[in-house]
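The values are calculated or read from the model by the stated rules, or taken from the named source; none is laboratory data. What you see is a predicted model; the values in this text were computed from it and never measured. So basically every Cβ, Gly included, is an ideal-geometry build from the backbone, and we count neighbours across all protein chains shown.
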Amino acid sequence: MPIYEYVCTDCDNKFELIRPMSQFSEAASCPNCQKPAERILSRFACFTTDDSGMPMSLAGNSCDSCGASDCSSCNM
Ligand SMILES: [Zn+2]
(Lines give C-alpha, C1' and ligand atoms only; values in the text may rest on other atoms or scores of the structure.)
Protein backbone atom coordinates (compact mmCIF):
# COMPACT_ATOMS: atom_id res chain seq x y z
CA MET A 1 0.00 0.00 0.00
CA PRO A 2 1.17 3.52 -0.61
CA ILE A 3 2.67 5.60 2.13
CA TYR A 4 1.12 9.01 2.65
CA GLU A 5 2.81 11.81 4.49
CA TYR A 6 0.97 14.26 6.65
CA VAL A 7 1.87 17.37 8.55
CA CYS A 8 -0.09 18.53 11.54
CA THR A 9 -1.43 22.04 11.16
CA ASP A 10 -1.29 22.54 14.88
CA CYS A 11 2.09 21.27 16.05
CA ASP A 12 3.89 20.79 12.70
CA ASN A 13 4.47 17.16 13.45
CA LYS A 14 5.15 15.15 10.32
CA PHE A 15 4.11 11.55 10.16
CA GLU A 16 3.44 8.84 7.65
CA LEU A 17 0.48 6.57 7.25
CA ILE A 18 0.21 3.46 5.19
CA ARG A 19 -3.32 3.19 3.97
CA PRO A 20 -5.23 1.94 0.95
CA MET A 21 -5.55 4.33 -1.95
CA SER A 22 -9.28 4.31 -1.40
CA GLN A 23 -8.70 6.10 1.89
CA PHE A 24 -6.01 8.49 0.78
CA SER A 25 -8.22 11.55 0.86
CA GLU A 26 -9.65 10.86 4.25
CA ALA A 27 -8.60 13.04 7.13
CA ALA A 28 -5.75 11.94 9.30
CA SER A 29 -5.20 12.86 12.89
CA CYS A 30 -1.90 13.92 14.36
CA PRO A 31 -0.54 11.23 16.67
CA ASN A 32 0.72 13.95 19.00
CA CYS A 33 -2.29 16.17 19.46
CA GLN A 34 -5.09 14.44 17.55
CA LYS A 35 -5.72 17.55 15.48
CA PRO A 36 -6.44 17.24 11.76
CA ALA A 37 -3.36 16.96 9.62
CA GLU A 38 -2.80 17.93 6.02
CA ARG A 39 -1.57 15.45 3.51
CA ILE A 40 1.79 16.13 1.92
CA LEU A 41 2.28 14.89 -1.57
CA SER A 42 5.09 12.45 -1.28
CA ARG A 43 7.65 11.48 -3.83
CA PHE A 44 5.67 8.88 -5.69
CA ALA A 45 3.02 11.48 -6.47
CA CYS A 46 5.46 14.14 -7.61
CA PHE A 47 6.49 14.59 -11.15
CA THR A 48 10.21 14.99 -11.57
CA THR A 49 11.83 13.09 -8.78
CA ASP A 50 15.54 12.56 -9.04
CA ASP A 51 15.61 9.50 -6.81
CA SER A 52 17.12 11.53 -4.03
CA GLY A 53 14.20 10.56 -1.88
CA MET A 54 13.39 14.16 -1.10
CA PRO A 55 9.83 15.34 -1.55
CA MET A 56 9.67 17.86 -4.34
CA SER A 57 7.45 20.75 -5.13
CA LEU A 58 4.52 20.40 -7.45
CA ALA A 59 4.69 24.07 -8.36
CA GLY A 60 7.12 23.57 -11.19
CA ASN A 61 10.64 22.51 -11.78
CA SER A 62 12.01 24.53 -8.92
CA CYS A 63 11.85 24.09 -5.20
CA ASP A 64 9.34 26.19 -3.32
CA SER A 65 11.76 26.83 -0.52
CA CYS A 66 15.00 27.63 -2.22
CA GLY A 67 14.22 28.01 -5.92
CA ALA A 68 16.82 25.48 -6.92
CA SER A 69 16.16 23.07 -9.73
CA ASP A 70 16.42 20.24 -7.27
CA CYS A 71 15.83 20.00 -3.58
CA SER A 72 19.28 18.89 -2.58
CA SER A 73 20.11 22.30 -1.19
CA CYS A 74 17.27 22.64 1.20
CA ASN A 75 15.32 20.57 3.65
CA MET A 76 12.03 20.94 1.89
ZN1 LIG B 1 -0.18 17.81 16.08
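Of all residues in region 13-34, those being of a type in the set (Gly, Ala, Ser) and within 11 Å of the ligand (Cβ to nearest atom) number 2.
Among the candidates 74, 30, which residue alone is surrounded by 12 or more Cβ atoms within 10 Å (Cβ to Cβ) and modelled with pLDDT under 90?
On the way: 30 fails: modelled with pLDDT under 90.
None of the others qualify; the one that does is 74.
When each of 2, 55 is tested for being at pLDDT below 85 and surrounded by 14 or more Cβ atoms within 10 Å (Cβ to Cβ), the lone residue that passes is 55.
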